[in-house]
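Since the structure comes first, as structure tokens, the remarks are kept for the end.
The values are calculated or read from the model by the stated rules, or taken from the named source; none is laboratory data. Keep in mind it's a predicted model, so treat the numbers as computed, not measured. Cβ placement follows ideal geometry from the backbone for every residue including glycine, while neighbour counts extend to all protein chains displayed. When the accessible area is computed, the model is the full protein with side chains, heavy atoms only, and any ligands, DNA or RNA have been set aside. Shrake-Rupley method; radii C 1.70, N 1.55, O 1.52, S 1.80 Å.
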Amino acid sequence: VTGLTLYGYFRSSAAFRVRIALNLKGLDYEQQSVHLAQGHQLRAEYRAINPQALVPVLVDGEHRMTQSLAIIEYLDELHPEPALLPQEPLARQRVRSLAQIVASDIHPINNTRVLKYLGSQLKIEEPARNTWYRHWIAEGLAVIEKRLIDEAGTGVFCHGDAPTIADCCLVPQIFNARRYGSDLNPYPTVMHIYERCMALPAFDRAAPLNQQDADN
Ligand SMILES: N[C@@H](CCC(=O)N[C@@H](CS)C(=O)NCC(=O)O)C(=O)O
């Protein structure tokens with residue numbers, strides 16, 4: 001078996017998702033830090049690794065892969081235990097749907113490059129940019145909260161009694177929400193699940209401040 005290397009950054013929530021999955025699977029991996037705040041993702045050396053200029057990238061031997069959810073599903077297919085997706089098609093659909101509220105709808109419009117564009121190109125000041133950020137988090141988390149309450153699939157975690165891809169996405173999004181001062185009181189079910197996840201070493205070890213490149 002060849003080694004795994006994760007290109008990431010301590011604060012990157014997309015890299016955080018993959019760190020959680022690697023830890024849940026009990027896989028060892030090396031980390032390469034790409035300093036997003038200093039724009040190192042835009043350097044030619046890094047674009048040679050990922051033309052999208054985003055983290056994470058997972059290198060497995062001679063194979064290089066991008067997109068956190070596609071990476072996690074790859075890991076899940078290669079190492080089926082513990083499963084990060086349930087077996088039954090409707091349950092799998094539900095887990096992916098919850099994950100994608102975060103990964104496809106909340107996170108992309110709050111990404112570093114989007115916030116930078118709002119500031120430097122559209123001249124939107126920081127307080128308004130932060131309002132934008134919290135707005136999309138509030139809208140997404142409200143829907144997740146409602147679904148977790150209403151849907152029978154919810155268990156100790158987002159789906160059933162073991163962590164899934166949905167939890168891998170939800171937890172890092174809560175870290176981002178806190179960092180931008182979002183009010184999380186309206187989402188007690190979400191926060192319960194968040195706390196249960198964070199009580200697991202696989203989640204805690206993946207947290208931003210537990211990474212070697214955490215600079216503050
Ligand atoms: N859909 C991608 C998103 C990757 C992504 O946006 N990563 C962020 C960090 S969380 C990034 O590299 N941002 C750099 C930038 O915006 O310049 C995935 O899930 O992997």
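Does segment 129-155 hold any residues that are among the hydrophobic types (A, V, I, L, M, F, W, C), assigned to a helix (DSSP H, G or I) and loosely packed, with under 13 Cβ neighbours inside 10 Å, and which are they? Spell out how you get there, then give the answer.
Initial filter on segment 129-155 (among the hydrophobic types (A, V, I, L, M, F, W, C)): 132, 136-138, 141-144, 148-149, 152.
Next, only the ones that are assigned to a helix (DSSP H, G or I) stay: 132, 136-138, 141-144, 148-149.
Correct list: 149 only.
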Identify all residues within segment 89-101 that are more than 16 Å from residue 171 (Cα to Cα) and surrounded by 14 or more Cβ atoms within 10 Å (Cβ to Cβ); write none if there are none. 91, 92, 94
For residue 61, which of the numbered conditions (1) in contact with a strand residue (DSSP E or B) (Cβ under 8 Å, 6 or more places away or on another chain); (2) more than 10 Å from the ligand (Cβ to nearest atom); (3) under 14 Å from residue 7 (Cα atoms) fails to hold? (1)
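Please determine whether any residue of segment 103-114 is of a type in the set (Val, Ile, Thr) and either farther than 22 Å from residue 141 by Cα or outside any helix (DSSP H, G or I) (or both). Steps first, please.
Of segment 103-114, the ones of a type in the set (Val, Ile, Thr) are 106, 109, 112, 114.
So of that shortlist, the ones also either farther than 22 Å from residue 141 by Cα or outside any helix (DSSP H, G or I) (or both) come out as none.
There is no residue in segment 103-114 that is of a type in the set (Val, Ile, Thr) and either farther than 22 Å from residue 141 by Cα or outside any helix (DSSP H, G or I) (or both).
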Of the conditions (1) without any contact (Cβ under 8 Å) to a residue 24 or more places away in the chain; (2) open to solvent by 20 Å² or more (accessible area, probe 1.4 Å); (3) not hydrophobic (A, V, I, L, M, F, W, C), residue 39 satisfies every one except a single condition; which number is it? (2)
Residues satisfying the stated conditions in segment 200-216, i.e. open to solvent by less than 90 Å² (accessible area, probe 1.4 Å) and in a loop (DSSP other than H, G, I, E, B): 200, 206, 207, 211, 213, 214, 215
Of all residues being within 13 Å of the ligand (Cβ to nearest atom) and either hydrophobic (A, V, I, L, M, F, W, C) or touching a strand residue (DSSP E or B) at 6+ places or on another chain (Cβ under 9 Å) (or both) in segment 102-128, which is most open to solvent (accessible area, probe 1.4 Å)? Just the residue, please. 109
Checking residue 38 against (1) among the polar types (S, T, N, Q); (2) more than 10 Å from the ligand (Cβ to nearest atom); (3) in contact with a strand residue (DSSP E or B) (Cβ under 9 Å, 6 or more places away or on another chain), which single condition isn't satisfied? (3)
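Is there a residue in segment 65-88 that is away from the ligand (no atom under 13 Å from the Cβ), acidic (Asp, Glu), open to solvent by 60 Å² or more (accessible area, probe 1.4 Å) and over 21 Å from residue 163 (Cα atoms)?
Let us first name the residues in segment 65-88 that are away from the ligand (no atom under 13 Å from the Cβ), namely 75-88.
Next, from what is left, pick out any that are acidic (Asp, Glu): 76-77, 81, 88.
Imposing the further condition that a residue be open to solvent by 60 Å² or more (accessible area, probe 1.4 Å) reduces the set to 77, 81, 88.
So of that shortlist, the ones also over 21 Å from residue 163 (Cα atoms) come out as none.
No: segment 65-88 contains no residue that is away from the ligand (no atom under 13 Å from the Cβ), acidic (Asp, Glu), open to solvent by 60 Å² or more (accessible area, probe 1.4 Å) and over 21 Å from residue 163 (Cα atoms).
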Top-ranked residue of segment 156-184 - restricted to ones that are among the β-branched types (Val, Ile, Thr) and open to solvent by less than 30 Å² (accessible area, probe 1.4 Å), ranked as farthest from residue 114 (Cα to Cα): 164
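For segment 185-195, does any single residue satisfy the condition of being touching a Ser or Thr at 6+ places or on another chain (Cβ under 9 Å) and either hydrophobic (A, V, I, L, M, F, W, C) or open to solvent by 60 Å² or more (accessible area, probe 1.4 Å) (or both)? So that I can check it myself, show each step before the final result.
Of segment 185-195, the ones touching a Ser or Thr at 6+ places or on another chain (Cβ under 9 Å) are 189, 193.
Okay, now just the ones that are also either hydrophobic (A, V, I, L, M, F, W, C) or open to solvent by 60 Å² or more (accessible area, probe 1.4 Å) (or both), so 193.
Within segment 185-195, one or more residues are touching a Ser or Thr at 6+ places or on another chain (Cβ under 9 Å) and either hydrophobic (A, V, I, L, M, F, W, C) or open to solvent by 60 Å² or more (accessible area, probe 1.4 Å) (or both).
Would you say residue 162 is assigned to a helix (DSSP H, G or I) and not basic (Lys, Arg)? Working first, answer last.
On the way: assigned to a helix (DSSP H, G or I): no; not basic (Lys, Arg): yes.
So residue 162 fails the test.
State yes or no: is residue 56 touching a Gly at 6+ places or on another chain (Cβ under 8 Å), of a type outside the set (Phe, Trp, Tyr) and within 15 Å of the ligand (Cβ to nearest atom)? Full working, then the answer.
Values: touching a Gly at 6+ places or on another chain (Cβ under 8 Å): yes; of a type outside the set (Phe, Trp, Tyr): yes; within 15 Å of the ligand (Cβ to nearest atom): yes.
Yes.
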